[in-house]
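> Pasting a structure here, questions to come.
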């Protein structure tokens, strides 16, 4: 038999920690380690935490594909989000696609169908079988590093997420953008500014609402109760029907553009013209705002810069093999003044 045909020697040394190594360190069975790696719900939280800690300590990756993540072997990155069709995630996704292509990476979209804990956990577990070199996460909202359970050693960059401070993060300057919007309306002579807020569990919505209240308080004005919304034009329309019935309302800052469009329709149907009777400002700067009637005054986010920064943070980690820790990039906003804001009508 020629040397080329020789059977490989038995007992060849392993190149990395095994599932049995993790099981011994965590004091559990190999089957339990496998369940944790695959996102099974049939594991107690304390056991899951102990197994994940052992994985991190040993540098264990659940399978060969995941181990290759550290070497940047696939030329692809993952993009994890819930509801890609929403304005923010959709525009950020397109920006990430453009930036990744420029860097020579393809993008694998990983959808979270269930917005609650199990959905994010199962999506993160699926990453163990994805041929990706790193991951961009868009707004996990309620997740934490402990509950999301990402594959060990996976480079990550997050956008407006509760993972900020744990992973490299790109955020829009929600606070300054909101302050600019409210101060603009007050500078026109409005005695106060009302607010249609985003979802209560949304970090961006909470930041925008807090900045709205701060701007009013700095002007010596007690903030009126906000109207709740859920980012949709319908929620803006429903709030708008109540707003239209209150003649004291002359200015409204909406937490996003879509709710502003719904508000404007409700005001129009009630015979309260914008901006002659009520001024309206949105947030996002989506393209439709320029062509609405009247064109919408808005706080514009630079989605191109957000996507570029996310990919740059991720690619730097992939190519260097090191984590950027809690590095934070803040992308500024821009107040775009159009035709939905004006001085309040003079009192009769």
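> Can you tell me which residue among 54, 100, 95 is assigned to a helix (DSSP H, G or I), surrounded by 18 or more Cβ atoms within 10 Å (Cβ to Cβ), in contact with a strand residue (DSSP E or B) (Cβ under 8 Å, 6 or more places away or on another chain) and at pLDDT 85 or above? Explain how you work it out, then say what you get.
Working: 54 fails: in contact with a strand residue (DSSP E or B) (Cβ under 8 Å, 6 or more places away or on another chain); 95 fails: in contact with a strand residue (DSSP E or B) (Cβ under 8 Å, 6 or more places away or on another chain).
Selected residue: 100, the only one of 54, 100, 95 that is assigned to a helix (DSSP H, G or I), surrounded by 18 or more Cβ atoms within 10 Å (Cβ to Cβ), in contact with a strand residue (DSSP E or B) (Cβ under 8 Å, 6 or more places away or on another chain) and at pLDDT 85 or above.
> Between a residue in region 319-337 that is closer than 30 Å to residue 185 by Cα and any residue that is exposed (fewer than 13 other Cβ atoms within 10 Å of the Cβ) and at pLDDT 95 or above, which pairs come within a Cβ distance under 9 Å, given they are 6 or more apart or on different chains?
336/290
> Let me ask you something else. State whether one or more residues within region 245-264 are at positive phi, in a loop (DSSP other than H, G, I, E, B), under 23 Å from the mean Cα position of the chain (by Cα) and modelled with pLDDT of 95 or more.
For region 245-264, residues at positive phi, in a loop (DSSP other than H, G, I, E, B), under 23 Å from the mean Cα position of the chain (by Cα) and modelled with pLDDT of 95 or more: absent.
> Sticking with this structure for a sec: Is it the case that residue 156 is closer than 24 Å to residue 241 by Cα and crowded, with 16+ Cβ neighbours inside 10 Å?
For residue 156, the condition - closer than 24 Å to residue 241 by Cα and crowded, with 16+ Cβ neighbours inside 10 Å - is not met.
> Out of the residues in region 140-163 that are touching a strand residue (DSSP E or B) at 6+ places or on another chain (Cβ under 9 Å) and at pLDDT 75 or above, which is farthest from residue 88 (Cα to Cα)? Before the answer, list the steps.
Narrowing region 140-163 to residues touching a strand residue (DSSP E or B) at 6+ places or on another chain (Cβ under 9 Å): 140, 143, 145, 148, 150-151, 154-161, 163.
Narrowing the set further to residues that are at pLDDT 75 or above leaves 154-159.
Working: 154: 25, 155: 23, 156: 19, 157: 16, 158: 14, 159: 11 Å.
The extreme case among them is 154.
> Restricting to region 307-348, count the residues that are assigned to a loop (DSSP other than H, G, I, E, B), more than 27 Å from residue 260 (Cβ to Cβ) and either assigned by TED's automatic domain parsing to the domain that holds residue 164 or touching a helix residue (DSSP H, G or I) at 6+ places or on another chain (Cβ under 9 Å) (or both).
Counting residues in region 307-348 that are assigned to a loop (DSSP other than H, G, I, E, B), more than 27 Å from residue 260 (Cβ to Cβ) and either assigned by TED's automatic domain parsing to the domain that holds residue 164 or touching a helix residue (DSSP H, G or I) at 6+ places or on another chain (Cβ under 9 Å) (or both) gives 7.
> Specify which of the listed residues (11, 16) is out of contact with any strand residue (DSSP E or B) (no Cβ under 6 Å at 6 or more places or on another chain) and at pLDDT below 60. Step through it out loud before you land on a result.
Working: 16 fails: at pLDDT below 60.
Selected residue: 11, the only one of 11, 16 that is out of contact with any strand residue (DSSP E or B) (no Cβ under 6 Å at 6 or more places or on another chain) and at pLDDT below 60.
> Which of (1) over 23 Å from the mean Cα position of the chain (by Cα); (2) not in a helix (DSSP H, G or I) is the odd one out, the single condition residue 241 does not satisfy?
Condition (2) is where residue 241 drops out.
> Same structure again: Looking at the structure I just gave you, is residue 185 farther than 15 Å from residue 310 by Cα, crowded, with 20+ Cβ neighbours inside 10 Å, in contact with a strand residue (DSSP E or B) (Cβ under 7 Å, 6 or more places away or on another chain) and at pLDDT 90 or above?
Yes, satisfied.
> Of the residues 238, 263, 296, 267, which single one is in contact (Cβ under 8 Å) with a residue 60 or more places away in the chain and either under 28 Å from residue 135 (Cβ atoms) or not assigned by TED's automatic domain parsing to the domain that holds residue 101 (or both)?
The unique qualifying residue is 263.
The values are calculated or read from the model by the stated rules, or taken from the named source; none is laboratory data. It should be emphasised that the depicted structure is a prediction, and the values quoted were computed from it without experimental measurement. Glycine also receives a Cβ, built like all others from the backbone with ideal geometry; neighbour counts cover every protein chain displayed.
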